[in-house]
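> Got a structure for you, questions after.
The values are calculated or read from the model by the stated rules, or taken from the named source; none is laboratory data. All of these numbers come straight from a predicted model, not from anything done at the bench. Cβ sites come from the backbone with ideal geometry, for glycine too, and all protein chains shown count toward neighbours.
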C-alpha cells in the first residue's frame, strides 16, 4: 500500500511537469519555470500530436491520483474517458475543421488513413458514433435534465404510493462545514418552501430534510426484505378454474381521501434535541443521526458515544416515555446492520391505514401468489404484504382491543380478492361465534363456519387425513409439492387455509388432541398445500405450548398485556410497548429481527360487501366427510364424537383380555401386558367411553359390561 502511494506521488510529479511542458506552446510559460528541456519537449509534443498532447499528461495525473486516494480502478476509467474525448476532438480537427496547427501531424495521419479506408462520410459517422457512445457512458442525458425547467405534473396522473419522509441530521462528533438543506424531488411547492426556510435558519448542527426516505430493508436489515423469496422457483398458478369466476372489484371498498403528510421539521428537531438532552441527564451521551417519520411512529436513530452500553439505553425505555410525554416507547437495540439504536416514539397525530389503499398498491397488485396476505404498512409508510405459502403457517396473538380480529379479517379478505374457490379453500373456526359468521355461504368454504370446539377438533383430524392422502398422491406422481403435482394432474388440488380465531377455547375442550393435530399439520402440511393461521388473545404457555410454538416460525403479536406474554409469542419483549389498534410486531420466517407494522383497517360493511359478492356467484360445495367418524389404519378412533389420534394398537387385545376375564383394572393391564400405569389407565378410560367396562367402584375392579350382554343373549334365544 505504501509502495503504491509512493509510486502515485512520483508519477504525479512527473506528469505535472509533462503537462506544463505540453501547455507551453499554447500558453506562454516562463523559461525559468520548465527549463530548456521542458520547452523543447512541449514543442515536440504539440508538433506531433497537436491538442492531443494535453491528453497524455492529464490522463497521467488522474491515474496517479488513484493510488494515493485508494481508487485506482476508478481513476483508470476516468483517464480512458478523457483519452477518448481528446481522440474525438482530434478526429473533428482532422475531418471537419481541417486544422493541422491544432491537430498536429497526428491529425494529418488520421485524415489520410481513415479517409482512405471509409471516406469522409464514414469518418463523420464514426465521429458521431463515438460522441453518442461517450454521452451514453457518461449519462449526460440525465445530467442535462437538471438544467431544463420542470413542468407541473399532470393532475390526471395516478397518485404514487406514499413514501417515507426521512429526516436526517448531519454527521455528529466531527466538525462539518456549513451545508444548506436540500429537498430531493418535492411533490408540493408549499412543503419545499417551508423546509427551505427552516433549514436556512439553522446552523451547521441542524439537520436537513429529505423527502422519500429509505426502504424498510435498508433500515432494519442489510439484506433485501421482500414478500417474495428469490430462492423459490415453484410455479405460482396451480389450478385453472373449472367455472367462470370474477374477482371482487375495488369499488366494494371505501376509499378515504387522505391529505399529504407534512413534515413538521421544527417539531421533529425539538424532539431530537429533547431526547439527546434527557439521555445526557441519565448519563448516556450520544447524538440523533437520523429521524424517520412514519404514519404512526417516528424512529429516531441514536448513535451512542464510545463506551456507552446498549443495555443502559434499553433499561431507560419507561423513563424515555415519561420525558417524551409518550404513551409507550420501544427501543430497537441495535438496528440490524447499523451502529445505531432505534427509538420509536409515537407521533402526535396518528394516521389510519386503510385496507383499500394497501389493496390498490403495487405491492399487492404485483404479487402473483394466491395466498398473498395484506398486513398493513411498515413504520415508514410503505405497504407491506407477505406470502403465506412461504411462511408457511402463522401464529397470531393479541389482547382485547389490539386489532387482532380486524387483522384476521384483512387476511381473509386479501385471499378473497386474490383467489377463486377453485384455487383456495377455507376452513374457518370461530368459537366466539362473532368474527367469521359473516363468511357463511361463500363458495371458498369447505364446511360452514365451525363454532363448536368439538367439531373443530374433528375438522383438524380430517385435515390431517387429507394431508396424508395428498402425500400419497405426491409420492405416486414423483413430485415434492402441490404446485408440481397440479402441473400435470387431471384433478387439481386447491390450497386449504385453516383460520382459527381463538385457540384457547379449543385447548380447553380438547387440548391434547388439538395440540397434536396442529403440530402434525404445521410440521408436514406445507408441501400438501395446507396452511394454518392460528390466533389467540391469551398467549400463555398452556395455550401456545412448546410443541405448537416450535412449528410456527412466522408469528405476529399485537399489543399484549405483559412482558411474559410477549416472550411467549415472540421469544422477546416489546409487544407490551405497542400502541394497540392494529400496531403489531411481525417475525418473518428465518429471521430473528422483528418488523413493526401498522395493521390495515377494514370495516364490517366492506367485509359484508365482499362476502355478498362471492355468495351471488356460486353456492358453497361443503364436504360431508369432514365430520364423519375418522379412522387410523382402518380402525375407528372416535369415541362419543371426540376424535383421538392417539389410538393405541394394544387396545383391541386389551379389550379381548378383560372380556374373557370378566373384570378390569389398570394394575391388571399393567402386570399382564408389562406396560406403564399411564398407558394402562388410558386403555381403561377408552373402554369406559366405548361402554365395554363400567365406572370405577373404589378399590374394586371395574365390571365388564360386554361379557354380561354376551352371556344373556343365548338365554333369550
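> Would you please list the contacts, defined by Cβ atoms under 8 Å and residues six or more apart or on different chains, that run from a residue in segment 56-84 that is more than 14 Å from residue 9 (Cβ to Cβ) to a residue that is outside any helix (DSSP H, G or I)?
81/138
> Here is a list: 609, 535. Which entry is out of contact with any strand residue (DSSP E or B) (no Cβ under 8 Å at 6 or more places or on another chain) and either within 25 Å of residue 516 (Cβ to Cβ) or part of a helix (DSSP H, G or I) (or both)?
Numbers: 535 fails: out of contact with any strand residue (DSSP E or B) (no Cβ under 8 Å at 6 or more places or on another chain).
Only one candidate passes the filter, namely 609.
> Go through segment 264-283 and count every residue that is more than 17 Å from residue 349 (Cβ to Cβ) and surrounded by fewer than 20 Cβ atoms within 10 Å (Cβ to Cβ).
Number of matching residues: 10.
> To continue, here is another question. Of the residues 490, 501, 513, which single one is over 15 Å from residue 395 (Cβ atoms) and buried (at least 17 other Cβ atoms within 10 Å of the Cβ)?
The match here is 513.
> Moving to a separate point now. Quick one: count up the residues across segment 316-358 that are over 23 Å from the mean Cα position of the chain (by Cα) and over 24 Å from residue 560 (Cβ atoms).
The number of residues fulfilling the criteria is 3.
> Cβ contacts < 9 Å: first residue at positive phi, restricted to segment 692-714; second residue surrounded by 10 or more Cβ atoms within 10 Å (Cβ to Cβ) and at pLDDT 80 or above, any location; separation 6+ or different chain. Result?
Here the result reads none, with nothing in segment 692-714 linked to a residue that is surrounded by 10 or more Cβ atoms within 10 Å (Cβ to Cβ) and at pLDDT 80 or above.
> Considering only segment 444-466, how many residues are surrounded by fewer than 18 Cβ atoms within 10 Å (Cβ to Cβ) and under 17 Å from residue 611 (Cα atoms)?
1
> Only one of (1) part of a strand (DSSP E or B); (2) within 30 Å of residue 564 (Cβ to Cβ) fails for residue 523. Which number is that?
Failed condition: (1).
> Can you find a residue in segment 8-21 that is closer than 26 Å to residue 133 by Cβ, modelled with pLDDT under 75, surrounded by 20 or more Cβ atoms within 10 Å (Cβ to Cβ) and touching a helix residue (DSSP H, G or I) at 6+ places or on another chain (Cβ under 7 Å)?
No; the residues of segment 8-21 include none that is closer than 26 Å to residue 133 by Cβ, modelled with pLDDT under 75, surrounded by 20 or more Cβ atoms within 10 Å (Cβ to Cβ) and touching a helix residue (DSSP H, G or I) at 6+ places or on another chain (Cβ under 7 Å).
> I need the full set of residues from segment 579-606 which are within 14 Å of residue 296 (Cβ to Cβ) and out of contact with any strand residue (DSSP E or B) (no Cβ under 7 Å at 6 or more places or on another chain), in order please.
580, 581
> Now, a different point. In segment 554-567, which residues are touching a strand residue (DSSP E or B) at 6+ places or on another chain (Cβ under 8 Å) and in a loop (DSSP other than H, G, I, E, B)?
558, 559, 560
> Let me ask something additional. Just one of 376, 342 is crowded, with 22+ Cβ neighbours inside 10 Å and outside the structural domain of residue 583 (by TED's automatic domain parsing); which is it?
342
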